[in-house]
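Shown next, in structure tokens, is the structure this report addresses.
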Amino acid sequence: MALAVFAYISMVLFIGITAYKARKLAQLPLHGRMELYPVPGEKGRHEYGGSYYEEAEWWKKPRELSKGTELKEMLKEMLFIKKLFENQRPLWWLSYALHLGIYFLAAWSVLIIAGAFTELAGLPVKAGAAAGTSLWAVLLYYLGIFTGVVGFALAAFGSGALFLRRVFDGTLKKYTTPQEYFNLLLVFAAVVSGLTVWGSDPTFGNARSVMAHVLSLTSFAAGPLLVLHVILVGVMFIYIPLSKMSHYVGKYFTFHKVLWENEPNVAGSEMEHKVKQALGYRPQNAWSAPHVKAAGAPAPEK
Amino acid sequence: MIDHKDLRPKDLGNPDQQLIKLQELMPLAAPYDKPGMEPDFKEIKDSWKEKYCASLDGFVGIDTLIRPKSKEEEEEFVGKFLNGLEKIFSDANNGVLQPLLLSFEYCAKCNTCSEACHTFAASGKNELYRPIFRSEVLRKIAKKYFTTSGKFFGSLVGADIDVNWETVARLGELAYRCNLCRRCAQTCPLGLDNSILAKEIRKIFSQEMGIAPNPLHEKGSMLQLKTGSSTGITKPAFLDTLEFLEEDIEEKYGRKIKFPLDKKGADILLLHNAGEFMAWPENPIAFAILFEEAGLDWTLSSEMMGYDNVNYGLWYDDTQAKKIALQQMRVAQELGVNRIVIGECGHAHKASAIVADRMAAAEGKIPVESCLPILWDMVRTNRLKLDPGKNNFPVTLHDPCNVVRQMGIVQPQRNILKAICTRFREMTPHGVDNYCCGGGSGFAIMNHCNFSDFRNKVSARMKFKQILGAFQDTMENSEVPKYVCAPCSNCKGTIRDILEYYQASAKFNVHFGGLVELMVNALVSMEKPFLEFLE
Ligand code: SF4
Ligand code: SF4
């Protein structure tokens, strides 16, 4: 029971801290423009990195934006880690294994939860051969096996290999702090503990039944390995958003609010409104060099 | 001295006399791949070491960074730096807080960005110039002094650096080994930008400690605010120059052109980098010839701040950048023009169009555009009669980072070159993937002690290699003139220096210049060549 409560708390903290971080980043003041081309929103020009500045009197022409390309580029980054693939292939294999593994494990978790609910509702999740099993339960069963096996394998391989690469690569080593090794080890340990707990039953029936107990808040017998696994995963979930592994939040802002944000400040626009607001702000802190002091406090700029 | 392969960010606090010495640089292309083709680094003088901070890599970039005379001075210096470091994360720095925090917090140390940096590559992959090296030093110092984790866990979270005068001064110098070209940022899987951190270091030095290279500050932005131009040209001197150029145009090209001046209500206010009038007057002359021939309604300004588009503040000091940008805006407003057109100067493009964009409400602000689309329009609509046969020699194009990577102006300049030259060829890579000329962020005008050696041999090395690559077919044939088109004053300055340094003009007939010069050279109405090397 205590274990279930801990699992719930860790999930709530994961979501809560992540949301808090995102909110904090979103609330930061308007910054000076820092776009970097290619900007995917530039319709018809994104491919070669062009922008509306290629037009004389650009402000008189309608801005042609392409939300579709922006979405496509975003998905390429999210699902495929395109920049790493293009610019550092050897590391991409390892990093992508870990990230893809995590995506699979996320899907697996959803399937296990769905399976647990299904079983709680009295429908056994089993292989298709048994008579009387519904298609839904069969799907949950096979997809669970597939996502779980692939997810655990990729995530364990990815986190372990990234850790080793950092240990043995002379350059990476110089920049890696003990904390950063710890980050990778924590993920690796959480995944491997999962493998040892669930690995004996690759159909993940155990996982579903433990999950059913957690969901129904009924007590169940937890062996030391399971306790360790739940604690590791819980700690990981609480720790990730606190650490820089929360780059899933940061990455949204670096692309959408910095590199791809090229909204001009034209009269009557929403941007102008934001600029006016930012210009009205009087900072509490001021720079001390004599030539700055002479002129008073600065307002938004880059 | 540390073997660069063993160099770690925390070594910046190391008491060594000089951390590294550059040795094996990236090889150049033929004919500069043979020994003896390139001058050696100048020996560093003892007097420089005694006076300045030469303990990073043996170069001195900041001529106002003077060694302290007492322990107190030393402590004051470090204290001021730490004050400034704290401020970059405060509301004194609102205009960059979000991008800064992101790049500061999230680096995964994956090292993807290193390969993108021309300086890192040119240095023979010297650890000191790896884009994340200086970022990591800054992180370590900030962690040590301003984070709870750093105070409690120290080296476990990376707060393991000794912070003394040498550390801080070296970091200041190191901020001037990055061209702020942002090429590395294009490759980062997390969208982070190491140039932001380099610039923040420069800002701490200038905005808090009052230390910045003289050519950028005292003789740059301060001079501009005082006289109207970073060249020091005052209004009367500017008027004299124009008069002289008008006579020159008549004498040389037989054309009577009067520079339109302070014309109220003109369509276009053309803003040049005033350095052009001194170093390359053929550039503003060419603009005048083209604008007149195309029948544009345009004017120059002779008002204070109205005849120089530069804004060096961009490279080291936000407060200076803002003062200059706002005054330039005012000139255009008072003239009542429809638009400001920026001449061939890359950083001025970015300063006026991008950086200044959010410095004032849009109401009453005069819109800014680049000269390149207008020039292309002239060609595209056949308003100019051009004969590409007049430009019958190899031409390659340098893409100024500020115009291309940071503003997205890629096609107009290429379209023009394809229309007016017979033997245009691209550099590799080009467009938004281009390499910086090596003079970006102020390097082009920093020549103190041996800094020009660093520029010519290291930061501009990749550009020189690209130029050699583009002309491989005729490089060694000194009969064939070759032209590097660089539509930016700073890039032109850097390219002028490398061509001179490597004697590429003298030995191999390689020339450089802007875009408008080539356009005028192709004008059917021009009786003789506009480009001097064709005479
Ligand atoms: S590519 Fe980005 S995340 Fe990777 S080391 Fe460079 S700045 Fe850091
Ligand atoms: S901004 Fe340019 S010069 Fe600076 S580290 Fe990045 S690639 Fe190198």
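The values are calculated or read from the model by the stated rules, or taken from the named source; none is laboratory data. The structure displayed is predicted, hence computed values, not measured ones. Glycine also receives a Cβ, built like all others from the backbone with ideal geometry; neighbour counts cover every protein chain displayed. The area values use the complete protein model at the heavy-atom level, side chains included, leaving out ligands, DNA and RNA. Shrake-Rupley method; radii C 1.70, N 1.55, O 1.52, S 1.80 Å.
In this model, which of A:Lys274/B:Lys264; B:Lys263/B:Lys528; A:Lys293/B:Lys69; A:Lys173/A:Lys244; B:Lys34/B:Lys507 are farther than 21 Å apart at the alpha-carbon?
Flagged as over cut-off: A:Lys274/B:Lys264; B:Lys263/B:Lys528; A:Lys293/B:Lys69.
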- Considering only the protein assembly as shown, percent of DSSP beta bridges that pair antiparallel, nearest 5: 10 percent
- Task: Report, for chain B, the % of DSSP beta bridges that are antiparallel, rounded to 5.
- Result: 5 percent
- Message: Using the basic label-point model (7 angstrom from Cα toward the beta carbon), what is the B:Glu363 to A:Asn206 distance in nanometres?
- Response: 7.0 nm
- Message: Run lengths n ≥ 4 of DSSP H only: what is the helix-derived mean residue ellipticity at 222 nm for the protein assembly as shown, with -39500 (n - 2.57) per run over all residues, to the nearest 500?
- Response: -14500 deg cm²/dmol
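Find, to one decimal place in angstroms, the Kirkwood hydrodynamic radius of the range B:220-534, where the mean of 1/r is taken over every pair of different Cα atoms and then inverted. Please list the in-between numbers first.
On the way: mean 1/r = 0.0508 Å⁻¹.
About 19.7 Å, per the Kirkwood formula over Cα pairs.
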- Note on the structure: To the nearest 10 degrees, the tilt of helix A:224-242 (Cα long axis) against the first principal axis of the alpha carbons of chain A is 10 degrees
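Scaled to the compact-protein estimate 2.2 N^0.38 Å, what is the alpha-carbon radius of gyration of the protein assembly as shown, rounded to two decimal places?
Numbers: Rg = 29.7 Å, N = 837, 2.2 N^0.38 = 28.4 Å.
Relative to the rule-of-thumb radius for its length, the protein assembly as shown sits at 1.04.
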- Item | Förster radius 22 Å - calculated FRET efficiency between B:Lys71 and B:Ile2, Cβ distance, rounded to 0.05 | 0.25
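Take every DSSP beta bridge whose two residues both sit in the range B:220-534, then give the antiparallel share in percent to the nearest 5.
Numbers: 1 of 21 bridges.
If we restrict to bridges inside the range B:220-534, about 5 percent are antiparallel.
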- Item | Karplus-derived 3J(HN,Hα), 6.51/-1.76/1.60, for each residue of the range B:110-125, Hz, glycine and proline x | 8, 6, 5, 6, 4, 4, 7, 8, 5, 6, 4, 5, 5, 6, x, 6
- Under 15 Å from a label point 7 Å along Cα→Cβ of A:Ala106: give me every residue in the range A:244-262 with its amide N that close. A:245-253
- Query: Roughly speaking, what is the stretch gain from B:Val524 to B:Glu218, that is 0.36 nm per residue apart minus the C-alpha to C-alpha distance, in nm to one decimal?
  - Reply: 105.7 nm
- Item | the range B:35-88: trypsin sites (Lys or Arg not before Pro) falling in loop per DSSP and having at most 11 other Cβ within 10 Å | B:Lys69
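How large is the charge dipole for the range B:9-208, taken about the Cα centre, if only the Cβ atoms of Lys, Arg (+1) and Asp, Glu (-1) carry charge, to the nearest 20 debye?
On the way: 28 positive and 29 negative charges, 77 e Å.
Taking the Cα centre of the range B:9-208 as origin, the dipole is about 360 debye.
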- Message: In whole percent, and with a 1.4 Å probe on the protein chains, what portion of the accessible area of the range A:185-302 is carbon and sulfur?
- Response: 66 percent
- Message: Leaving out ligands, DNA and RNA, and with a 1.4 Å probe, what % of the accessible surface on the range B:9-208 is carbon or sulfur?
- Response: 52 percent
- What residues have an amide H closer than 5 Å to that of B:Leu523, excluding those fewer than 5 places away on the same chain, when H is modeled at 1.01 Å from N in the peptide plane? B:Asp387
- What whole number of Å gives the distance from the Cα centroid of the range B:129-177 to the Cα centroid of the range B:237-264? 54 Å
- Report, to two decimal places, the Cα Rg of chain B normalised by 2.2 N^0.38 Å (N = number of residues). 0.98
- Query: Okay, which of the range B:23-61 sit inside 20 Å, backbone N to the point 7 Å along the Cα-Cβ direction of B:Asn447?
  - Reply: B:39-45, B:48, B:59-61
- Message: Could you tell me the extents of chain A's C-alpha atoms along the three principal axes, largest first, rounded to whole Å?
- Response: 76, 44, 41
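What is the percent carbon and sulfur in the accessible area of the range B:220-534, measuring with a 1.4 Å probe over the protein chains and ignoring ligands? If you can, show how the numbers build up before the last one.
Working: 4620 of 9440 Å².
About 49 percent, which is the carbon plus sulfur part of the accessible surface.
Using 0.36 nm times the number of residues separating A:Leu120 and A:Ala221, minus their current alpha carbon distance, what extension gain do you get? Walk me through the numbers on the way to the answer.
On the way: separation 101, 0.36 × 101 = 36.36 nm, distance 1.78 nm.
Full extension from A:Leu120 to A:Ala221 adds 34.6 nm.
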- Heavy-atom accessible surface buried between B and A, both sides counted, 1.4 angstrom probe, nearest 100 Å², is 7300 Å²
- Leaving out ligands and nucleic acids, note down the accessible area per residue over the range B:1-152 with a 1.4 angstrom probe, in whole Å². 43 Å²
- Message: If you count only protein heavy atoms with a 1.4 Å probe, what accessible area per residue comes out for chain A, rounded to a whole Å²?
- Response: 48 Å²
- Item | Degrees separating the helix B:411-420 axis from the principal Cα axis of chain B, which is the longest one | 40 degrees
- Task: Would you grab the residues whose amide H sits under 5 Å from the one on A:Glu42? Only those 5+ places off in sequence or on another chain, please, with H modelled 1.01 Å from N.
- Result: A:Ser66
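Counting other Cβ atoms within 10 Å, which GluC sites (Glu not before Pro) in the range A:43-118 have at most 12 and lie in a DSSP loop? All intermediate terms of the calculation are to be shown ahead of the outcome.
On the way: sites: A:Glu47, A:Glu54, A:Glu55, A:Glu57, A:Glu64, A:Glu70, A:Glu73, A:Glu77, A:Glu86; in loops: A:Glu55, A:Glu57, A:Glu64.
Sparse-neighbourhood loop GluC sites (Glu not before Pro): A:Glu64.
To the nearest 0.05, how large is the calculated FRET efficiency for B:Asp46 and B:Thr428 if R₀ is 41 Å and r is the Cβ-Cβ distance? Each step should come with its number before you reach the end.
Working: r = 42 Å, r/R0 = 1.04.
Taking R0 as 41 Å, the efficiency between B:Asp46 and B:Thr428 is 0.45.
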- May I ask for the distance between the Cα centers of the range B:365-383 and the range A:107-130, given as a whole number of Å? 65 Å
- Query: Out of the range B:301-402, which trypsin sites (Lys or Arg not before Pro) are coil in DSSP terms and have no more than 11 other C-beta atoms within 10 Å?
  - Reply: B:Lys385
